[in-house]
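Structure, as structure tokens:
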Amino acid sequence: MNLTLKIWRQKDAAAKGKLQTYPISEVDPDMSFLEMLDVLNEGLVNNGEEPVVFDHDCREGICGTCSLQINGEPHGPDRLITTCQLHMRKFKDGDTIIIEPFRARAFPVIKDLVVDRSAFERIQQAGGYVSVNTSGLTQDANAIPIPKEDADAAFFSASCISCGACVAACKNASAMLFTAARVSQFALLPQGKVEATSRVLAMVEQMDKEGFGNCTNTGACEIECPKGISLENIARMNREYMKASVI
Ligand code: SF4
Ligand code: FES
């Protein structure tokens, strides 16, 4: 396949970026999207040019770092996969592909396609944990019976990989789906209920402080989420927040 790539190049956080055009040939349809970028970078390095900087780690849909906006969609045209799981067979010979970083005020661009998503970590640190005394006298978690439906729902919420696609997909750059998944994974389990009130208030406060927009229920986040995190999580977080606000 021969393709034309239009890639966002930005020297550093302060620089003004722009789309730069790169023709690429002999792309194997079975290559992953990141392998295709590796091939591009090899060519750039061989020509003495600066390679395109992009984030990646596991390359198997687990770590959530490979955040690319491909033809206007976070993680590209496929559903329920991350950028590293996207294959070039999803595109046609002769296509032009526009590759940009995730766009949101709370995710500033560091360089080229890499954004700073530490805002997510600060939301998590505000309350996304349970306080457990690990003195050795801790009760075995398996000794607390949990209804299967609750365990399954908590597990599903916990499958969020903090990629940020929900923010990039949202016209308000809202982080509600991410925050709601983190609140839900604890709210559904007895161990998480102890700190439920302080957790939801602190995480929502931090989310607002980071400059994410509000949720207007458009649902774009759920559609683009590579892990299929559902809007039900947002409804659950809103209920948790209401409860915590009146206690
Ligand atoms: S909710 Fe989905 S899209 Fe948002 S950070 Fe988690 S995995 Fe990524
Ligand atoms: S590189 Fe880890 S999810 Fe894509």
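Just to be sure I understand the filter: pairs with C-beta atoms under 7 Å, separated by 6 or more residues or on different chains, first member in the stretch 137-148 and within 16 Å of GLN185 (Cβ to Cβ), second member of a type in the set (Gly, Ala, Ser) and modelled with pLDDT under 90. Which pairs pass?
Final answer for the pair search is none.
Quick one: would you say LEU177 is surrounded by 14 or more Cβ atoms within 10 Å (Cβ to Cβ) and farther than 19 Å from GLU121 by Cα? Even if it seems obvious, please write down each step before you answer.
Details: surrounded by 14 or more Cβ atoms within 10 Å (Cβ to Cβ): yes; farther than 19 Å from GLU121 by Cα: no.
The answer is no for LEU177.
Results for (1) modelled with pLDDT under 95; (2) within 18 Å of the chain's Cα centre (by Cα); (3) among the hydroxyl-bearing types (Ser, Thr, Tyr), shown as yes or no for each residue.
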residue: GLU35; (1), (2), (3): no, no, no
residue: GLU42; (1), (2), (3): no, no, no
residue: HIS56; (1), (2), (3): no, yes, no
residue: GLU73; (1), (2), (3): no, yes, no
residue: ARG89; (1), (2), (3): no, no, no
residue: ILE97; (1), (2), (3): no, no, no
residue: ASP116; (1), (2), (3): no, yes, no
residue: VAL132; (1), (2), (3): yes, no, no
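How many residues does the stretch 149-173 hold that are farther than 28 Å from GLN191 by Cα and not β-branched (Val, Ile, Thr)?
Filtering the stretch 149-173 for residues farther than 28 Å from GLN191 by Cα gives 165, 167-173.
From what is left, the residues that are not β-branched (Val, Ile, Thr) are 165, 168-173.
The total comes to 7.
Let's see how each residue does on (1) out of contact with any Gly (no Cβ under 7 Å at 6 or more places or on another chain); (2) more than 16 Å from ligand 2 (Cβ to nearest atom); (3) in a helix (DSSP H, G or I); (4) open to solvent by less than 60 Å² (accessible area, probe 1.4 Å):
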position	(1), (2), (3), (4)
ARG199	no, yes, yes, yes
GLY211	yes, yes, no, yes
CYS215	yes, yes, no, yes
CYS221	yes, yes, yes, yes
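Do you know which residues across the stretch 7-24 are loosely packed, with under 11 Cβ neighbours inside 10 Å and either in contact with a strand residue (DSSP E or B) (Cβ under 6 Å, 6 or more places away or on another chain) or assigned to a loop (DSSP other than H, G, I, E, B) (or both)? It would help to see each step written out before you state the result.
Start the filter on the stretch 7-24 by keeping residues that are loosely packed, with under 11 Cβ neighbours inside 10 Å, which leaves 12, 14, 16, 18, 21, 23.
If the condition is that a residue be loosely packed, with under 11 Cβ neighbours inside 10 Å and either in contact with a strand residue (DSSP E or B) (Cβ under 6 Å, 6 or more places away or on another chain) or assigned to a loop (DSSP other than H, G, I, E, B) (or both), then ASP12, ALA14, LYS16, THR21, PRO23 are the ones that fit.
The values are calculated or read from the model by the stated rules, or taken from the named source; none is laboratory data. What you are looking at is a predicted structure, and each value in this text was computed from that prediction instead of being measured. Every residue, glycine among them, receives a Cβ derived from its backbone with ideal geometry; neighbour counts consider all protein chains shown. For accessibility, only protein heavy atoms count, side chains too; no ligands or nucleic acids. Shrake-Rupley method; radii C 1.70, N 1.55, O 1.52, S 1.80 Å.
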